[in-house]
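One structure below.
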Amino acid sequence: MTLRRKTLMTVGMVFMGLLIILYFISQTILMRSFTQLEEQRTRQNVEQALNALSNDIITMKTVSSDWAAWDDTYAFIEDVNQNYIQTNLVTGTFTELRLNFMLFINSSGQMVYSKAFDLHSEKEMAVPRNLLSYLATSNLMVSHSDPQSIITGIVLLPENPMLIVSYPILTSEEKGPIRGTLIIGRYLDASEIERLAEQTRLSLTIHRYDYSSIPSEFQAVLPSLSEKTPVLVRPLDEQSIAGYALIRDVYNKPILLLRVDMPRDIYAQGQDTVAYFILSLLVVSVVLGVVMMLFLDKQVLFRLTQLSQGIGNIGVSGDLSVRLPETGEDELSNLGGTINVMVEILEQSSNMLKGKNELLDAQNKDLWNEITERKQIEHDLVERMKELQVFYGVTRIAEKPGITLDELSQEVVNILPASWQYPEVTCARIAINGKEFETENYRDTEWKQSSDIKLHGEKIGIVEVSYLGKRPEIYEGPFLKEERRLIDAVAARLGRITESKRAEEALQESEERYRDLFENANDLIQSVTLDGRFGYVNKEWREMLGYSKEEVASLRLWDIIHPDCIPHCRELFQKVLSGEAVNNIEAVFVAKDGKLITVEGNVNYRSEGGKVISTRGIFRNVTERKQMERQLQERNEQLISQQQELIEKTEEVERANRLKSEFLANMSHELRTPLNVIIGFSQLMADEVPGKINEEQRQCLSDVSDSSQHLLNLINGVLDLSRIESGKVELQLGNVALTEVIASLTKTMMSILAPREQSLDIEVEGGLPPVRADEGKLRQVLLNLVDNSSKFTPDEGKLKIEAVRDGDLCRVSVIDNGIGINEEDQERIFEPFCRLDNPLARKRGGTGLGLALVKQIVEQYGGQIWVESEQGKGSRFTFTVPLSTNG
Ligand code: ADP
């Protein structure tokens, strides 16, 4: 059902309900008011009718008073004069006063005069007998004891009810004595009632109070009328209503029933009013309903539908980025806004949810994998249980104290079949260390599986499980996958057990070995308990200190330590007890015979549960060594003093050497001058400048010149050497391109080589950087080496200069294929004046200073020189020179 229909129905039902309630309220409240008003009005009319009747009676009483308290009447009752009758009691009196009779009764109760008159026919008539009968029984009416005792009221006569007044006859001053009673009366007949009705403008009906004769509608109200309820109102039908009242006689006895009929105009008006009210309410409701519906439709339902469609569209499309329109500033726009906020939150939540979903998916996947894994693990677990039982069995067997490997193998083979799928038809065999162990039912069949027992990768046996009969095929054979794994595991376990058994044996053996080692060690080994007693001492200890095993048991540590060492040893003992190992202890033990033994060693501790329980010491008898050390110390001291002397002497020698060099330098200088003179003059003489010379003289001069030249060379060499040694020569270091140096020397070198037809090959490594050297000295070195090579190489020999890079050095070699140098001489040749004896040397001559000089120069700039040579094959002289660091 749509909201519109619901609203319509709700509004309609509410209005209907309201109308019904209002109808009933108006019916009850309004109609009750109208009914009450109607009743009140009826009651008033009844009272008005009653009043009219009372007024009649009062008028009659006034008339009666006029007539009875009148001197004429006072007299008439006595004398019954005709005059009075003729004057007063005429027809006019009756018609005017509308009296039906007048009765004059004297004080003795006798009717003095009476006159009755028929007002319809306006004729005198006889006094009704019924009245007279009534008066005869009513003393009250007839005689008055008091001037005030006036009786007024209605009496019911058989023919009609009658209004009656009984008045005492008095003087005009209303004084007595009372002479009689005047009774006047008027019939309350139909005409009288009509008159009353006209007078009161009411519809009046009067009935006798006689249950049997009154109409039924009167009968119905009779029981309800009483003195307390003198007036009763009853609607007769929709059109008329009646008011009832009882009329009593002079004795207060109900005699008549008065009914006032009234049209129900008030009631009808009330009905109309309610009807109009309901009708107008209906109209108002309908108008209000329509207006409300229109308003609701436009302001609420239409917009709600829009919102609903908007939400529906979002729902259908699932696009949470769409927003609802927010027009106006009322609750619906707020609702739109709220929905938008909600959609926004939904969008965020949806995004979040999407993210979480993805996460959940991933987690689910993980979970699923985990479940699968767990299931696999569960399955594995069941299988592993079997394996475990075997392992447990194997472990239990292996743990049996003192069990041998053979016993173990036999027991293991017996428990194996139980873990296979068909234990009753399973047999097993273990072959290990060349022995075989089988179950009692073992038989070699074709349905078997086996695994090698290995130790450190080497096969030492085999485990075999077989079925005695054919079994169904599972996987690729009659055995379960797990059973294959199990047999492998058992084999591996047996391998490990074998290993540990062997290790156990090895340990036992090693323990024995160690015990033996300790016992037979050359060192003193002791273990001391916390209270200083000896737990264990080895043989060497006992022999060295001279105590037997029994004596050691009663000894204390402090008994064997020299008193001078005790304080220090106590300190160390405490240190060890506090959990610190002490190494390199030196102490002096006192043997049983009082001999002092100096020992050196280490002490550590043994602990259990973190608590030191004993100390373990191992000492070496160093008595002899100490003695030797002392001697050595003395010797050392001697040596140090000798060394000191030597240093002093060396310094002296160096000083002397320097002095020698200086002397040599000076001497050489002094020698060179005369030598040059000798050479010069020898040359001069050979050139026959002073005069002719013969051949013999020429020869002599030549010898003088050659010897002098040799001497000069020698002196120059000595001079150079001593200058370098004395540190007088300073190197002029610079960056020198080796190729350039070699090129500049080529000419000089060729002049040496050419006469002997020797060749020179030069090989310099490409891109070799310049060297850091004194160019002049470098030339000297190179030239000297080339000269030597040429000298000690036969004619037509081959020479070569080679330069290569060696790290940040340049290695330069001068190579020849000459006579070579034997190994013992290779070191010597760098010493001054060393010349080896060979035919070429003898032929070429020389000073023996060249290589010494070269060595000095090379070492001066931080290089090295050496020779590699083989006699008869040639030599290679190599020196190093630093490469220039800045290019
Ligand atoms: P000198 O050449 O003046 O004798 P050196 O000091 O230059 O003095 O050489 C010392 C000795 O080393 C030489 O006498 C020679 O015996 C030996 N010697 C030097 N160079 C060579 C070489 N290239 N081949 C063989 N022997 C050599």
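Taking the residues in segment 813-841 that are assigned to a helix (DSSP H, G or I) and within 20 Å of V781 (Cβ to Cβ) as candidates, determine which candidate is farthest from the ligand (Cβ to nearest atom).
E827
Being in contact with a helix residue (DSSP H, G or I) (Cβ under 7 Å, 6 or more places away or on another chain), open to solvent by 40 Å² or more (accessible area, probe 1.4 Å), within 14 Å of the ligand (Cβ to nearest atom) and not small (G, A, S): is that true of L753 here?
In short, no.
Which one of K626, K649 is in contact (Cβ under 8 Å) with a residue 24 or more places away in the chain, part of a helix (DSSP H, G or I) and of a type outside the set (V, I, T)?
Answer to the selection: K626.
When you check F877 against the structure, is it at positive phi, within 13 Å of the ligand (Cβ to nearest atom) and in contact with a Leu (Cβ under 8 Å, 6 or more places away or on another chain), yes or no?
no
Do the conditions hold for C810, that is, is it touching a Gly at 6+ places or on another chain (Cβ under 7 Å) and either at pLDDT 90 or above or within 9 Å of the ligand (Cβ to nearest atom) (or both)?
Considered against the rule, which asks whether it is touching a Gly at 6+ places or on another chain (Cβ under 7 Å) and either at pLDDT 90 or above or within 9 Å of the ligand (Cβ to nearest atom) (or both), C810 comes out as no.
Tally time: how many residues in segment 107-157 are assigned to a strand (DSSP E or B) and touching a residue at least 60 places away in the same chain (Cβ under 8 Å)?
Of the residues in that region, 7 qualify.
So, in segment 769-788, how many residues would count as being under 17 Å from L849 (Cβ atoms), away from the ligand (no atom under 11 Å from the Cβ) and open to solvent by 20 Å² or more (accessible area, probe 1.4 Å)?
The total comes to 3.
Let me spell it out: the conditions are (1) at pLDDT below 85; (2) under 22 Å from R496 (Cα atoms); (3) of a type in the set (D, E), and D452 meets all of them except one. Which number is the exception?
Of (1) at pLDDT below 85; (2) under 22 Å from R496 (Cα atoms); (3) of a type in the set (D, E), only one is false for D452: (1).
Go through segment 279-313 residue by residue and tally those that are among the polar types (S, T, N, Q), touching a helix residue (DSSP H, G or I) at 6+ places or on another chain (Cβ under 9 Å) and more than 25 Å from I339 (Cα to Cα).
1
I'm trying to understand the selection: among the residues of segment 606-623, which are open to solvent by 40 Å² or more (accessible area, probe 1.4 Å) and among the aliphatic types (A, V, I, L, M)?
Scanning segment 606-623 gives I613, I618.
Going by the structure shown, is E859 more than 12 Å from the ligand (Cβ to nearest atom) and outside any strand (DSSP E or B)?
It is true that E859 is more than 12 Å from the ligand (Cβ to nearest atom) and outside any strand (DSSP E or B).
Being more than 28 Å from E194 (Cα to Cα), surrounded by 13 or more Cβ atoms within 10 Å (Cβ to Cβ) and over 60 Å from the mean Cα position of the chain (by Cα) narrows it down to one of I150, I85, I58, I154, so name that one.
I85
What's the number of the condition V867 fails, among (1) at pLDDT below 95; (2) within 12 Å of the ligand (Cβ to nearest atom); (3) open to solvent by less than 30 Å² (accessible area, probe 1.4 Å); (4) touching a Phe, Trp or Tyr at 6+ places or on another chain (Cβ under 6 Å)?
(1)
Looking for something of a type in the set (A, V, I, L, M), surrounded by 13 or more Cβ atoms within 10 Å (Cβ to Cβ) and assigned to a helix (DSSP H, G or I) - is there at least one such residue anywhere in segment 170-193?
yes
Failed condition for E634, given (1) open to solvent by less than 100 Å² (accessible area, probe 1.4 Å); (2) in a helix (DSSP H, G or I); (3) modelled with pLDDT of 90 or more; (4) of a type outside the set (A, V, I, L, M, F, W, C), with all others met?
(1)
Quick one: which of S668, S661 is touching a Lys or Arg at 6+ places or on another chain (Cβ under 8 Å), of a type in the set (S, T, N, Q), in contact (Cβ under 8 Å) with a residue 40 or more places away in the chain and in a helix (DSSP H, G or I)?
S661
Residues to consider are K501, K470, K459; find the one that is part of a loop (DSSP other than H, G, I, E, B) and farther than 15 Å from P417 by Cβ.
K470
Kindly indicate the residue of segment 798-807 that is more than 10 Å from the ligand (Cβ to nearest atom) and buried (at least 19 other Cβ atoms within 10 Å of the Cβ) and also nearest to Q732 (Cα to Cα) among those meeting that condition.
A803
The values are calculated or read from the model by the stated rules, or taken from the named source; none is laboratory data. Every value quoted in this text rests on a predicted model; they were computed, and no experiment measured them. As a convention, Cβ positions derive from the backbone with ideal geometry for all residues, glycine included, and neighbour counts pool all protein chains shown. These accessible areas exclude ligands, DNA and RNA; they are computed on the full protein's heavy atoms, side chains included. Shrake-Rupley method; radii C 1.70, N 1.55, O 1.52, S 1.80 Å.
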